[in-house]
Amino acid sequence: MTPLVLALNLALSFAALAALALSLDRHHRDAFLVRVPKGRARTLRLAGWAGITASFAAAVSFEGWNFGPVQWIGALTGAALLVVALLAYRPGWLRPAALAALPLALAALPFALKG
Amino acid sequence: MRQGFRQSMAWLHTWSGLVVGWVLFAVFVTGTATYYRTEITQWMRPELQAGATFDAGRAADLGADFLKARAPDAVGWFIGLPQPDKPLIEVHWWKDLAGPFHHALLDPATGAPTAARATQGGDFLYRFHFELNMPPLWGRWIVGICALILLVSLVSGIITHRRIFADVFTFRRTKSAQRGWLDAHNVTGVLALPFHLMIAYTGLVTFALMYVPWGVTAAYKGDEIRFFVEAQLMPEVRAPAGKPGGLVSLSPLVAQAQGRVSETLEHVAVYNPGDAAATIVTIFEEPHGLAHLHPQIAFDGASGAELGATGIAKAATHISASFVGLHEAHFAGPWLKALFFLCGLMGAATIGTGLVLWTVARLPKPAERPGFGYRLVRALNLGTVAGLPVGLAVYFLANRLLPVGLEGRAETEIRLFFGAWACVALAGLLRPHRAAWREAFGLASLLFLAVPLVSAATTGQHPFDGAARFLGFDAAMLAIGLLLAAASYRAGAPRPRRAGAAEPRPAPRPAAHRAQAAVPQARSAEGAEIRRRA
């Protein structure tokens, strides 16, 4: 079902982009007040790109090659806007929100599979 | 060339963006609204109940009966069949291919002109999006040229942006006015960049044959119709025989066509209806997919025999139709459509912030009198960015407040839209600049917030009446009104100091005292990074 797949895409993209944002010194400082440690930056970057890839895989496998990429890009844009808004107004909320988004994506998965 | 590549691209981006920015802002706002064209039209015709299904054959016959009486000598009839979301028969007819095109809306039950209020509804916003309410060809050329310059502006903007990946999430709203506007421009531009590139390019593709017709003209020796037929965009058409003939009843043909194609039948066109060689074409909704291709079947108007049908399009047609499909996003379900809508708003925001940035970056020193060019840009910015929302709200309010039976009602709505827009632009000249922004946004906000109230008062339909027919529309008006109220408040807030002036550090965030020590070190690291990149 498309809305659930889209929810899955949005949640995954949001968590992934939040990880990528937090792997950057400036935003890590916004959220945690310290520069990002080297190892952590690498982990976050890896997790971020993995999440974006997983979101693409989910979009294409559920929606096919014509609608999947459209939905993937749309979800990335919407999620990125949310990341920017949180960083600008509530940077401390970014990590908990991203962590909450992951189980949300997982919860949407079985429904998306069934639909 | 003394300047570097990036500087010359920055120059190109600044000026290409400025000259078309005002038109493009209006094109983006109305285009974004067009994603909800059907919903807007439904709201603007509150007399009609959506949801019923109709007998397409009977509706086609009713439309043909009306046209036989009204325009027997027309060279073309176009009958839009009623659908659950649009319970009207919409007929067009023309006596000359160059126009004028006449138009009427009929009640699907009786075939008589509808009793619903006269309005162009969302169709006005749709047409304005690519024709600017001008004669079609003029408007399309102007919008096309602007779209081409938009592509130039997008590409030069990407090159100009020094740290497109590193700054992708960066929005420093508290640093300085110029920094804030630049970051807002970058964020809305970069995050929705795939959309912006797609929408500018596919918009041009939609009218590509009008903008660059020479390939088809040369290959088909001027016979464009042949091209459309071979591309499977339309079935064979016939020249008129030149002698009068009868026209068969449409409903059996409609039934026959519906038996062949599983999509919804949307239109029935009749070419040369009074002629012995009349042609009837049934046009279906595009099958679910990206491509915007309508299956069509043609019949002989005198005998009812099938003349031909569109086949399967080849790759080139399919790709170009997919571009058009992507632009219109008919395939998108409600949630994906909401994301398209959001991207459209981000496009409008990119243009709006870019326009404002131009003036913020050239802010005259306190003792200096701003030059004419500067004042012109400022006035046009205010007139466009704050004036258009006022016009839109007035358009919706006029729909509810003008008497239902008023002569020329649909045109009056549109005149009020432009009138209100122009009033705000002109009134802005009389007021101090900041006050003008605050008041114009404030006015727009009040007008949008008034829309659901006025609608409830005049139609008796409101979100709490159990039916909640226009819940979505009312909620959207409320959200837009609140957004504009926030904009009005921000426009009136004290101005952060100019970039370059000594800037106060942003207020420490909660618990910042714990890590104050880390900040100077981090700042110098950032400084070093900027120096390294520069």
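List of remarks:
- A single member of B:Val27, B:Val23, B:Val75 is touching a residue at least 60 places away in the same chain (Cβ under 8 Å), out of contact with any strand residue (DSSP E or B) (no Cβ under 6 Å at 6 or more places or on another chain) and not assigned by TED's automatic domain parsing to the domain that holds B:Leu339, and it is B:Val75.
- Lone qualifier among B:Val390, B:Val404, B:Val377, B:Val385 - being in contact (Cβ under 8 Å) with a residue 24 or more places away in the chain, under 30 Å from B:Ala456 (Cβ atoms) and surrounded by fewer than 22 Cβ atoms within 10 Å (Cβ to Cβ): B:Val404
- Taken over region B:283-314, the criterion of being buried (at least 18 other Cβ atoms within 10 Å of the Cβ), within 30 Å of A:Glu63 (Cβ to Cβ) and in contact with a Leu (Cβ under 8 Å, 6 or more places away or on another chain) is satisfied by B:Ile283, B:Phe284, B:Glu286, B:Leu290, B:Leu293, B:Thr310.
- Region B:37-50 residues that are in contact (Cβ under 8 Å) with a residue 12 or more places away in the chain, paired with ones that are buried (at least 22 other Cβ atoms within 10 Å of the Cβ) and of a type in the set (D, E, K, R) (beta carbon under 9 Å, 6 or more apart): B:Met44/B:Glu413
- Candidates B:Arg58, B:Arg70, B:Arg117, filtered to the one that is crowded, with 20+ Cβ neighbours inside 10 Å and of a type in the set (D, E, K, R): B:Arg117
Every residue, every condition in (1) crowded, with 17+ Cβ neighbours inside 10 Å; (2) within 13 Å of chain B (Cβ to nearest Cβ); (3) not charged (D, E, K, R), yes or no:
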position	(1), (2), (3)
A:Ala75	yes, yes, yes
A:Ala80	yes, yes, yes
A:Leu87	yes, yes, yes
A:Pro91	yes, yes, yes
A:Pro96	no, no, yes
A:Ala101	yes, no, yes
A:Ala107	no, no, yes
A:Phe111	no, no, yes
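- Residue list for region B:323-334, restricted to those being within 10 Å of chain A (Cβ to nearest Cβ), in a helix (DSSP H, G or I) and crowded, with 19+ Cβ neighbours inside 10 Å: B:Gly325, B:Leu326
- Restricting attention to region B:254-282, the residues that are surrounded by 20 or more Cβ atoms within 10 Å (Cβ to Cβ), in a loop (DSSP other than H, G, I, E, B) and either in contact (Cβ under 8 Å) with a residue 60 or more places away in the chain or not aliphatic (A, V, I, L, M) (or both) add up to 2.
- Among residues of region B:341-351, those that are facing chain A (nearest Cβ under 7 Å) and either surrounded by fewer than 22 Cβ atoms within 10 Å (Cβ to Cβ) or of a type in the set (Asp, Glu) (or both), counted: 1
- Matching option when the condition is among the aliphatic types (A, V, I, L, M), touching a residue at least 24 places away in the same chain (Cβ under 8 Å), surrounded by fewer than 17 Cβ atoms within 10 Å (Cβ to Cβ) and more than 18 Å from B:Lys314 (Cβ to Cβ), among B:Met198, B:Met210: B:Met210
- Candidates B:Ala440, B:Ala422, B:Ala435: the one that is within 23 Å of B:Phe25 (Cα to Cα) and modelled with pLDDT under 95 is B:Ala435.
- B:Val143 being of a type in the set (A, V, I, L, M, F, W, C), surrounded by 19 or more Cβ atoms within 10 Å (Cβ to Cβ), in contact (Cβ under 8 Å) with a residue 60 or more places away in the chain and more than 14 Å from chain A (Cβ to nearest Cβ): yes
- Residue within region B:37-46 that is surrounded by fewer than 22 Cβ atoms within 10 Å (Cβ to Cβ), acidic (Asp, Glu) and more than 30 Å from B:Val385 (Cα to Cα) present: no
- Residue selected from region B:283-313 under the condition assigned to a loop (DSSP other than H, G, I, E, B) and among the charged types (D, E, K, R), by the criterion farthest from B:Leu88 (Cα to Cα): B:Glu286
- Consider region A:21-66 and keep the residues that are assigned to a helix (DSSP H, G or I) and within 9 Å of another protein chain (Cβ to nearest Cβ). The one that is surrounded by the most Cβ atoms within 10 Å (Cβ to Cβ) is A:Ala21.
- When the criteria are applied in full, B:Thr170 fails the requirement of being farther than 25 Å from B:Gly325 by Cα, away from every other protein chain (no Cβ under 14 Å) and touching a Lys or Arg at 6+ places or on another chain (Cβ under 8 Å).
- In region B:376-422, the residues that are touching a Lys or Arg at 6+ places or on another chain (Cβ under 7 Å) and not in a helix (DSSP H, G or I): B:Leu402, B:Val404
- Residue list for region B:44-60, restricted to those being in contact with a Gly (Cβ under 8 Å, 6 or more places away or on another chain) and part of a helix (DSSP H, G or I): B:Met44
- For region B:448-482, filtered to residues that are surrounded by fewer than 20 Cβ atoms within 10 Å (Cβ to Cβ) and touching a Ser or Thr at 6+ places or on another chain (Cβ under 8 Å), the residue that is nearest to B:Ala420 (Cα to Cα) is B:Leu482.
- Within this structure, B:Ala425 passes the test of being closer than 16 Å to B:Phe441 by Cβ and hydrophobic (A, V, I, L, M, F, W, C).
- Condition met for A:Ala18 (buried (at least 18 other Cβ atoms within 10 Å of the Cβ), within 10 Å of the chain's Cα centre (by Cα) and at the interface with chain B (Cβ under 10 Å from one of its Cβ atoms)): yes
- Flag for B:Arg438 being under 18 Å from B:Arg490 (Cα atoms), in contact (Cβ under 8 Å) with a residue 40 or more places away in the chain and surrounded by fewer than 15 Cβ atoms within 10 Å (Cβ to Cβ): no
The values are calculated or read from the model by the stated rules, or taken from the named source; none is laboratory data. In this text the structure is predicted, and so the values were computed from the model without any measurement. When we count neighbours, we look across all protein chains shown, and the Cβ atoms used for this are built from the backbone with ideal geometry, even at glycine.
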